[in-house]
Amino acid sequence: MSSTDEPPPSPRPTPGALGYRLPAEWEPHEATWIAWPRNKEDWPGKFGPIRWVYAEIVRCLSRSERVRVLVGSGKAERKASDSLEKSGVDLDRIEFVRFRTDRGWLRDSGPMFVVRDRSIGAEGEPPPVALIDWKFNAWAKYDNWRRDNRLPKFVADRLGMDRWSPRVPIDGQQRRVVLEGGAVDVNGLGTLITTEECLLSHEQERNPGLNRSGYEQLMAEYLGVSKVIWLGRGIVGDDTHGHVDDIARFVDPTTVVACVEENQGDPNHAPLRENLERLREATDQDNRPLRVVELPMPAPVVFDGQRVPASYANFYIANSVVLVPTFNDPKDREALGILAGLFPGRTVVGIHAVDLVWGLGTLHCLTRDQPRGPAAG
């Protein structure tokens, strides 16, 4: 190498190498992000009542923390503001953010915020909160995703946060990695649960050529994960093809709730039973067994001949409340009671979701938590 040549730049350290990790949802939030509903195709024939369901979600969340509401225009903001005000929302707790989305499923299209616990405040240390900008391609199923795919960069720029966009070599090219927030759930200490149906199936394949070990390496490098627990299949009606947030969720560092279907004739019975057994046999990042609590499934919810993915596991954990979808079902009370026992420091609130789930998702699918970060704690 001549004296005028310079060595190639060193690769940028990954978040995992810098000590970042994906926090558990129960860790303190700076805010919750949600996108005001705008795409009528998400709720064909039922769009009318959806804004009132959203208003109730925002009302409950705003009592717990700041809510950042994405709206596409000034007109949309005025309409959203009117609905929220009529629903008793304190608008001082709301921050409207102008960004036009394709759809509103921020769990999947929004950024994954990561936090860094060590050396907080030391000069030259990375900031306590950053974000991961995975590619979003509408679950490898729909064609309206390009605006949504730009959302994480917009958020990073708005908040002044560091951002990583994971890439892997596939077919001789560096390709951005697709990963949705609803596909994973973590305990914040290094253990992550996901499903083979979502990440490893060739149907709705997000990342052709990326295998199990490849995903595990990515989760270690970008999310600080040291242990991945692979479940099998998701539930009937889930158009994401196997998201874990409809079947199993961490509720504390050592406890997982797992959905079960008692009716042996229901197509969800066998896959949920298999997932339950996998969790009972699994261990966490410290090789300790998990505590597994069974969560019932509601009776099938069907509209216009289509079964939709109704599940109590699609709850959302905010700072002082846990919002749980309900379905006018006798099991509503049982599910709320189980979750209330698991979140003694939070108020567990049921949100009527029979109309909402016609969009093929409910509360967790719609929300994205922005962690406060240890520096502000």
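If you check ARG118 against the conditions, is it at pLDDT below 95 and not acidic (Asp, Glu)?
Against the criterion (at pLDDT below 95 and not acidic (Asp, Glu)), ARG118 qualifies.
Among the conditions (1) under 19 Å from the mean Cα position of the chain (by Cα); (2) in contact (Cβ under 8 Å) with a residue 12 or more places away in the chain, VAL168 misses just one, which is (1).
Evaluate the following for GLU25: is it closer than 30 Å to PHE303 by Cβ and not aromatic (Phe, Trp, Tyr)? Judged against the criteria, GLU25 is a match. Of the strands (runs of 3 or more DSSP E) contained entirely in region 281-352, those carrying at least 2 residues that are under 25 Å from LEU192 (Cβ atoms) and at pLDDT 95 or above fall at 291-296, 321-326. Whether a residue is farther than 30 Å from ASP117 by Cβ and touching a helix residue (DSSP H, G or I) at 6+ places or on another chain (Cβ under 9 Å) was assessed, and CYS198 does not pass this test. For the criterion of being touching a Gly at 6+ places or on another chain (Cβ under 9 Å) and aliphatic (A, V, I, L, M), ILE229 fails. Filtered by the rule that a residue be touching a Leu at 6+ places or on another chain (Cβ under 8 Å) and closer than 19 Å to ALA310 by Cβ, region 251-270 gives VAL257, ALA258, CYS259, VAL260, GLU261. Could you please let me know if GLU77 is within 30 Å of VAL348 (Cβ to Cβ) and acidic (Asp, Glu)? In short, no.
Residue pairs whose Cβ atoms lie under 7 Å apart, separated by 6 or more positions or on different chains, with the first residue in region 42-69 and in contact (Cβ under 8 Å) with a residue 40 or more places away in the chain and the second in a helix (DSSP H, G or I), are ASP42/GLY359; TRP43/ILE50; TRP43/TRP358; TRP43/GLY359; LYS46/TRP358; ILE50/LEU356; VAL53/LEU356; ILE57/LEU363. State whether one or more residues within region 136-158 are basic (Lys, Arg), over 19 Å from VAL244 (Cβ atoms) and either crowded, with 18+ Cβ neighbours inside 10 Å or touching a Phe, Trp or Tyr at 6+ places or on another chain (Cβ under 6 Å) (or both). Scanning region 136-158, I find no residue that is basic (Lys, Arg), over 19 Å from VAL244 (Cβ atoms) and either crowded, with 18+ Cβ neighbours inside 10 Å or touching a Phe, Trp or Tyr at 6+ places or on another chain (Cβ under 6 Å) (or both), so the answer is no. Entry remark, region 242-271: residues being surrounded by fewer than 24 Cβ atoms within 10 Å (Cβ to Cβ) and part of a helix (DSSP H, G or I) number 3 in total.
The values are calculated or read from the model by the stated rules, or taken from the named source; none is laboratory data. Source: prediction; values computed, not measured. When we count neighbours, we look across all protein chains shown, and the Cβ atoms used for this are built from the backbone with ideal geometry, even at glycine.
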